[in-house]
Protein chains: 2
Amino acid sequence: MPALEFEVTARDGEARCGRLVTRRGVVRTPAFMPVGTAGTVKGLLPDEVRALGAEIVLANTYHLHVRPGEETVRRLGGLHAFCGWDGPILTDSGGYQVFSLAELRTLDDEGVTFRDHVDGTERRLTPARSIAIQQTLGADIMMALDDCTGRPDDRAEAERAMRRTLAWLEPNLAARSDPDAALFGIVQGGIFDDLREESLARTTALPFDGFALGGVAVGESREEIRRVVARFGPRLPAARPRYLMGIGLPEDLVEAVAAGFDMFDCVIPTRHGRNAQLFTRTGRINIRNAAYRDQREPIDPDCACPVCRKFSRGFLRHLYVAGEMLGPRLGTVHNLWFYLDLMRAMREAIAAGRFEAFRRELLAARAAGSGA
Amino acid sequence: MPALEFEVTARDGEARCGRLVTRRGVVRTPAFMPVGTAGTVKGLLPDEVRALGAEIVLANTYHLHVRPGEETVRRLGGLHAFCGWDGPILTDSGGYQVFSLAELRTLDDEGVTFRDHVDGTERRLTPARSIAIQQTLGADIMMALDDCTGRPDDRAEAERAMRRTLAWLEPNLAARSDPDAALFGIVQGGIFDDLREESLARTTALPFDGFALGGVAVGESREEIRRVVARFGPRLPAARPRYLMGIGLPEDLVEAVAAGFDMFDCVIPTRHGRNAQLFTRTGRINIRNAAYRDQREPIDPDCACPVCRKFSRGFLRHLYVAGEMLGPRLGTVHNLWFYLDLMRAMREAIAAGRFEAFRRELLAARAAGSGA
């Protein structure tokens, strides 16, 4: 049995529903993966994350490597026992955080040397090291280490990073020793179609269990993001899961599902939840706004989440204004529900053959609302 | 029917079990009231607080008056609807926070004028105003406004505050307009037995629904606290609930129950929980200590709380060290369980006529352990 099975169960245009079978259970796609950076979706218990509808979570290899360290996680029973989540976990390669958080980076053909952001310890990450850390953590789906330093709209930079990412593909694959842990390759190339084409062709020629589009939404324009997503989603192998990394707002997810993507992760729902930015069907509200002070209705009258079933806008606003940690917790619950409910709705619409109507309605509602 | 009924159901020495019947349900005593300062036990949902064993919570009038304001709470349906707790709520008078948090206090015979700690708004609190705020919030048990500025071991100061507290008793009673909200009087007098005697005699002569010992553990020595608690607990009217305000550590609670007290509140379990100080049967541990990094056992192997049933010391330590808000949340759950479970155990020991043995065992275990 392969490390990962994937079956497409319904199609509607390029959009599709599927079943991702991992060693720790089935994930229905399109799937949103809540981000549990350091082994916890901030403020929530694993059982709560599951009750909201998540079937897989993402954990950050960089954060766990730096603190508490993968050996500590292993001694505590592996990542699943450590954090109390018994479903599938996808780990990233650590590369993105090295480039966004660490200091004094030195990149070479074999890997990257850096000082971590916590106490400045000098560390080194190579494809072999990244895979070894992810395996020690016990990830069910691992990501190949890529070079994500290239500015997406600078051709020379994008090409340099794309070529190094290609050169690291084989070392990533060669490092895998756990045959039950899946490994995904990442397509780079910035906003340049020919670079993306070459990266896609050479990456998908290798025996990865799934393929991700990386280096998207890292500084390029919104139009460029949409164009790259729409163009390259359908070209990723149809028989394998397609993962759009780090995206995005609800309308971005709908567009990406329309382009045939199956898997998503993004800090937006959880980070916005902590910052009082709450999603509703017609847009996003800042619940700290004084207008909500005396409002007895829930965040979103159409929402069936545990927060909207019980608490008023006035109470939520009070929690954030008073600095009560229950505020960020409840905002995270509401936003994650919103995202996971959106995925459920998209899966239903695809299965029913009405995804295009669903997509148009959602985009129209959000365009007519109070803003993204 | 009175605002509050109280029935003693078992006695063992001075210790007693009882049933406190409020308009919002029954509270078994001895009872610990988790502190929900601004309408939330920090980090927890009301349903979680109840599941841990709480039957009544305390809310702070000062905090809710300053932010969001009692009128906002009223417009949002009253304190119970506002915060989602449908059981009994006791509110303090606001006096203690005026003296500990507010700025530019001016005390006079009728009340106290101050600037709040949030934005410096000038406000005034009198007995009539405190009761009005507590009634607007919708408290089930209200506390009379007292003067708690006296240093407990300075006789002139303690006497001045005690006399003003006595002078405010009638204005507190006269201000009550909600016949279904109970009102407790507070005995002051610092560490001076004759002052306490006079305060007790004159306070308990008035038709309060219960009586509290106030001004304890506000700077005096541990021995003085024990002495005052042991001496004046048994002298409070046996037919009414006896409330020891703001106390304390587990061993303090056991000693106070031994002196016949029925009700308690304290920030220790919740505040310590947020600060990584976790209670075990043999003492308190700082879970941030490096010794716990690789430990797979729970905080307390003898504990049946939701945290100890699922998570390791190593994971808990990681959460606090990494600054994850799940740490303070889980520490609060564990510590509150510890306190509420202690109350359950004391009620059982009293009902079974073995409270003195229980008390001795607990004090011995804590004395032998790693410290308070």
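Annotations
- Per this entry, B:Asp178 is counted among residues that are surrounded by fewer than 24 Cβ atoms within 10 Å (Cβ to Cβ), in a loop (DSSP other than H, G, I, E, B) and acidic (Asp, Glu).
- Criterion (surrounded by fewer than 23 Cβ atoms within 10 Å (Cβ to Cβ) and part of a loop (DSSP other than H, G, I, E, B)) met by exactly one of B:Gly190, B:Gly219: B:Gly219
- One residue stands out among those in the range A:265-279 that are touching a residue at least 60 places away in the same chain (Cβ under 8 Å) and in a loop (DSSP other than H, G, I, E, B): the one that is farthest from A:Pro241 (Cα to Cα), which is A:Val267.
- For B:Asn335, the requirement of being more than 10 Å from chain A (Cβ to nearest Cβ), among the polar types (S, T, N, Q) and in contact with a strand residue (DSSP E or B) (Cβ under 9 Å, 6 or more places away or on another chain) is met.
- Selection from the range A:71-94 of residues that are under 15 Å from A:Thr37 (Cβ atoms) and out of contact with any strand residue (DSSP E or B) (no Cβ under 7 Å at 6 or more places or on another chain): A:Val73, A:Phe82, A:Cys83
- Any hit, the range A:103-110, residues being surrounded by 21 or more Cβ atoms within 10 Å (Cβ to Cβ) and either touching a residue at least 12 places away in the same chain (Cβ under 8 Å) or touching a Ser or Thr at 6+ places or on another chain (Cβ under 8 Å) (or both): no
- The range B:280-291 residues that are without any contact (Cβ under 8 Å) to a residue 24 or more places away in the chain, paired with ones that are among the aliphatic types (A, V, I, L, M) and part of a loop (DSSP other than H, G, I, E, B) (beta carbon under 6 Å, 6 or more apart): B:Asn286/B:Ala276
- Wholly within the range B:7-110, helices (runs of 4 or more DSSP H) carrying at least 1 residues that are over 16 Å from the mean Cα position of the chain (by Cα), among the β-branched types (Val, Ile, Thr) and at the interface with chain A (Cβ under 10 Å from one of its Cβ atoms): B:61-66, B:70-75
- Those residues of the range A:276-315 which are of a type in the set (Asp, Glu) and either within 11 Å of chain B (Cβ to nearest Cβ) or closer than 21 Å to B:Leu64 by Cβ (or both), in sequence order: A:Asp294, A:Glu297
- Checking each residue in the range A:285-306 for being in contact with a Ser or Thr (Cβ under 7 Å, 6 or more places away or on another chain) and buried (at least 17 other Cβ atoms within 10 Å of the Cβ) picks out A:Ile285, A:Arg293, A:Asp294, A:Gln295, A:Pro298, A:Ile299, A:Asp300.
We did not get these values from a lab; they are worked out from the coordinates using the rules stated. Just so you know, these numbers come straight off a predicted model, no measurement behind them. Cβ coordinates were reconstructed from backbone atoms using ideal geometry, including for glycine residues, and neighbour counts include every protein chain displayed.
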